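Only one structure is covered here, and it is reproduced in the block below.
Here, each number is a calculation from the coordinates, and none is a lab measurement. Just so it is clear, the structure is predicted and the values come from calculations on it, not from any experiment. Ideal geometry is used to build each Cβ from the backbone, glycine not excepted, and the neighbour counts take in all protein chains shown.
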Amino acid sequence: MPVRGALRHRRGIMIPMPTSLPSRPVIGILHPGAMGAAIGSALKARAGAVIWADAGRSHATAKRAELADLVAVPDVAELAARSDVIVSICPPHAARAVAEQVAAGLRGRADRPIYLEANAVAPGTVHAVAEVLGDRAVVCDGAVIGPPAWKHGTTVLWLAGPGARAVADLFEGSPFGVRTLDELGSASGLKICYALQSKALPTLWLAMAEAADRFGVTEVLHDELARTGVEHTVALAAVRERAASKGWRWAGEMDEAADALAAVDVPDGFSRAAAELYRHAADRP
C-alpha cells in the first residue's frame with residue numbers, strides 16, 4: 001500500500017507528506033547492531049514483518065538479528081523494494097552512504113516508503129539524506145536518547161518532521177518511549193545538544209589525564225583532586241572503558257555535533273576535540 005500525500009517545500013527540497021501506512025507494514029532495519037536489533041524487536045508487534053539486509057554484515061550482526069527474530073533478505077536493494085518503513089540506524093559516518101544505497105534500491109518504485117533517519121547525526125545531515133532520497137521516500141528525523149530498549153522506562157525515541165506520527169504509532173506499547181517535534185532536523189538537534197553532556201563532557205577526563213601524563217604530574221594531580229573531593233581515578237576509568245569499546249562510533253557522533261554547532265554559529269572546537277580524544281582512546285592498546 002503506497003504512502004500517499006502532497007509535496008511541500010523545505011529548504012528548497014520537495015518533501016513528500018505521508019498520510020497512512022498499511023495496517024501491518026513491512027519494516028526494514030539498516031542495520032541490526034545493538035540498537036537496531038532492539039528497535040526491530042520493538043516494532044514486531046505492529047509489523048507484518050521486520051526485515052534486515054544480510055549482505056556484507058558480520059556474524060555478530062546476524063546473531064543479533066536472529067535473537068531479535070528479524071527476517072533476513074539478501075541485500076539493501078531487496079529491503080528497499082519490500083519495506084513500507086525503512087529505519088536507518090548505523091554509525092554516524094555511514095548515514096549518507098546508507099541513504100544512497102536505499103535511494104538506488106527505490107529507483108522505479110511507484111510508492112514512497114517512510115525513511116526513518118535515526119542516526120546520531122547533525123540536522124544538516126538529515127536534510128542531506130532527504131536530498132539524496134528526493135521524492136523516492138518520506139524522510140522522518142529520529143533521535144534515540146538512552147540505551148537499546150528491552151524494558152520500559154530507559155529510552156526515548158524523538159521523532160520530527162514528515163511521517164513522525166505514523167512512525168510513533170508503530171512504537172505504541174513498545175519499550176521505546178516516543179515523543180514528537182515538528183520540524184525535520186529538530187530531533188537530531190536535540191540529540192546533538194544532549195550528546196554534548198553525555199559524550200563530549202566526559203572527554204575532559206581523557207584530556208586532563210593525557211596532559212597530566214605529559215607534564216609528569218599524574219600522581220600529584222590525583223592527590224590534589226582527592227584533597228578537594230574529586231574521585232579522578234574512578235571517573236577516568238569509567239570513561240576509558242566506554243571509549244575503548246565505543247570511541248570509534250562516538251568520534252563520528254562528535255564530528256556531527258561539531259558540524260551542527262558550526263552551522264548555527266556556536267563554537268565547535270570542543271566537539272572536534274572530543275572526537276579526536278575518542279579516536280585516541282579507541283586506538284589505545
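Observations on the structure shown:
- Summarising the label geometry, the points placed 7 Å from Cα in the beta-carbon direction at residue 198 and residue 280 lie 2.5 nm from one another.
- Residues 140, 193, sorted so that the one with the fewest Cβ neighbours within 10 Å comes first: 193, 140
- Between segment 75-116 and segment 31-72, the C-alpha centres lie 15 angstrom from each other.
- Judged by the ratio a/c of the largest to the smallest principal axis of the C-alpha gyration tensor, segment 7-184 counts as rounded, that ratio being less than 1.5.
- Ordering of 231-237, 194-200, 125-131, 85-91 by burial proxy (mean other Cβ atoms within 10 Å per residue, highest first): 85-91, 125-131, 194-200, 231-237
- Amide hydrogen neighbours beyond the local backbone of residue 116, cut-off 5 Å, H modeled: 86, 87, 88, 140
- Relative contact order of segment 7-184, pairs being alpha-carbon contacts under 8 Å that are 6 or more residues apart, as %: 21
- Estimated from helices alone, the mean residue ellipticity of the chain at 222 nm is -15000 deg cm²/dmol (sum of -39500 (n - 2.57) over DSSP H runs with n ≥ 4, per residue).
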